[in-house]
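Here's the structure, in structure tokens; my notes come after.
What follows is calculated from the coordinates using simple rules that are stated; it is not laboratory data. The model shown is predicted, which means the values in this text are computed figures rather than measured ones. Note that we place each Cβ from the backbone using ideal geometry, even for glycine, and neighbour counts take in every protein chain shown.
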Amino acid sequence: MREDDTKARGDIARRLHQSVPLEQSDVSGRLVKLEEVIDRGLKTFIEVGNALREIREGRLYRYEYATFDEYCRRRWGWDRINAHRHIEAATVVDVLSFDNIDGPSNVAQTREIAPLLRKDEREALAVWRELREEYGDRVTAERIRRLVRGRMARLRREDEAREASEEKPTISDTDGAVPNIHCSDFRDLDLEPGSVDLLLTDPPYGSEYLPLWDDLGRFAAQTLKEGGVLAAYSGQTYLPEVMGALGEHLRYWWMIAVVHRHGKPVVWPRRAMNAWKPVLVFTKGKPECGLFRDAMLLGSADGKEGHPWGQPSSEAEELVEAFTEPGDVVLDPFCGSGTVPMAAMALGRRAIACELSPTVHRAAVERILRAGRDLSVDPANGTPSAASSG
Ligand SMILES: C[S@@+](CC[C@H](N)C(=O)[O-])C[C@H]1O[C@@H](n2cnc3c(N)ncnc32)[C@H](O)[C@@H]1O
């Protein structure tokens with residue numbers, strides 16, 4: 001601490017002790033100084049988040065601790081949620097730092113904007129730009145809260161209006177064998193532990209979604225049967241982090257390459273002309289699967305009609321056949337347009353799926369109901385009807 005700062009602090013303490021009233025300028029000056037200390041401390045919170053993220057993603061704790069959770073608990077006395085909050089804060093700052101605009105500068109700010117970011121990234125970026133343009137460095141958590149609240153309310157109203165204007169398909173939810181297509185966050189699904197044979201899924205890519213992989217690994221370890229398989233599409237950019245997160249909870253088994261037949265989109269930050277995509281296979285214990293191909297050649301345009309990120313159904317069917325038997329339970333917690341439950345139903349497996357977005361969920365349910373007719377599959381029980389099973 002500088003000498004004049006120490007002196008000022010001493011003066012103020014002495015005058016308080018002697019009940020000498022403080023001048024307004026003394027109070028304001030001291031307030032500014034103390035606020036600078038708080039501001040530095042709050043920024044450190046984000047550095048802590050970045051450090052924790054690197055430790056988790058690089059599994060730098062692995063020589064002394066079995067899991068990241070154990071590391072946080074024993075090294076820092078934190079539970080997973082606390083560590084996750086720090087990491088989320090750092091992730092929010094990353095996402096909202098763009099076009100020479102600095103991201104939030106403290107955790108109170110990241111916490112206010114995180115729900116909007118989870119719901120609609122584009123909207124969150126627009127809100128952040130607006131706040132920075134209007135208030136510059138004087139963006140506060142309160143100002144963010146006010147704007148975010150308004151945007152969330154508007155998005156909710158839009159969702160409701162869209163839902164009201166569409167005719168809802170109905171799907172029976174009473175029979176245990178019904179293909180349950182839930183509209184929720186997969187972390188809120190209430191499934192019987194150890195009840196799923198294959199968890200086949202395609203989570204969203206991008207650094208902001210990295211925390212989901214740890215949750216997905218934990219969720220898979222809980223819901224899969226002993227010997228069950230998680231097969232998950234992943235982007236390439238964050239492969240080490242993704243594999244590290246899944247490896248916390250499950251056993252690495254293999255990686256399948258899905259090779260695009262047409263087109264090689266360039267991943268510009270890495271300058272890669274990307275011609276294939278990994279499907280990561282992790283297991284709970286030792287799977288009893290037959291032989292499977294570890295490279296598939298597919299048309300990249302297949303599957304896009306249902307969802308902008310839709311995966312081809314032939315691919316899903318090959319994976320379902322490789323890792324399950326008829327009657328087994330196949331779960332897709334990020335089902336998008338419903339490609340995986342469709343494939344599962346077509347092959348006589350029982351399907352459970354989940355999708356966060358109400359609009360996408362509705363489209364998936366409609367597609368499944370339609371396909372139920374087209375494929376002669378009874379959507380009420382997920383098994384092929386007599387017409388197609390012979
Ligand atoms: C890459 S897309 C899946 C596309 C799908 N494979 C298909 O063929 O249509 C990922 C989906 O996960 C959904 N999602 C994101 N976060 C989620 C969460 N926490 N719980 C459930 N679904 C989520 C997104 O709305 C998106 O539709």
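A few remarks follow.
- Amide hydrogen proximity for Leu230: with H placed 1.01 Å from N in the peptide plane, the residues at 5 or more positions away or on another chain lying under 5 Å are Leu199, Phe282, Thr283, Lys284.
- For the pair His260 and Arg75 in one chain, pulling the backbone fully straight at 0.36 nm per residue adds 62.1 nm over the alpha carbon distance.
- Relative contact order of segment 13-161, taken over Cα pairs closer than 8 Å and 6 or more residues apart, is 18 percent.
- Residues whose placed amide H lies under 5 Å from that of His182, excluding near-sequence neighbours: Ala353, Cys354, Glu355
- With each label modelled as a point 7 angstrom along the Cα→C-beta vector, the Leu369-Trp253 pair spans 3.5 nm.
- In order along segment 64-72, the Karplus-derived 3J(HN,Hα) couplings, from 6.51 cos²θ - 1.76 cosθ + 1.60 at θ = phi - 60°, round to 10, 10, 6, 9, 5, 4, 5, 4, 4 Hz, and Gly and Pro are given as x.
- Close amide H pairs (under 5 Å, H built 1.01 Å from N) link Trp276 with His260, residues at least 5 positions away or on another chain.
- Per-residue Cβ neighbour rank within 10 angstrom, fewest leading, Phe186, Phe334: Phe334, Phe186
- Note on Val267 and Asn100: the extension gain reaches 57.9 nm, defined as 0.36 nm multiplied by sequence separation minus the Cα-Cα distance.
- Annotation: extensible slack from Glu123 through Thr44 equals 25.7 nm (criterion: 0.36 nm per residue apart, minus Cα-Cα distance).
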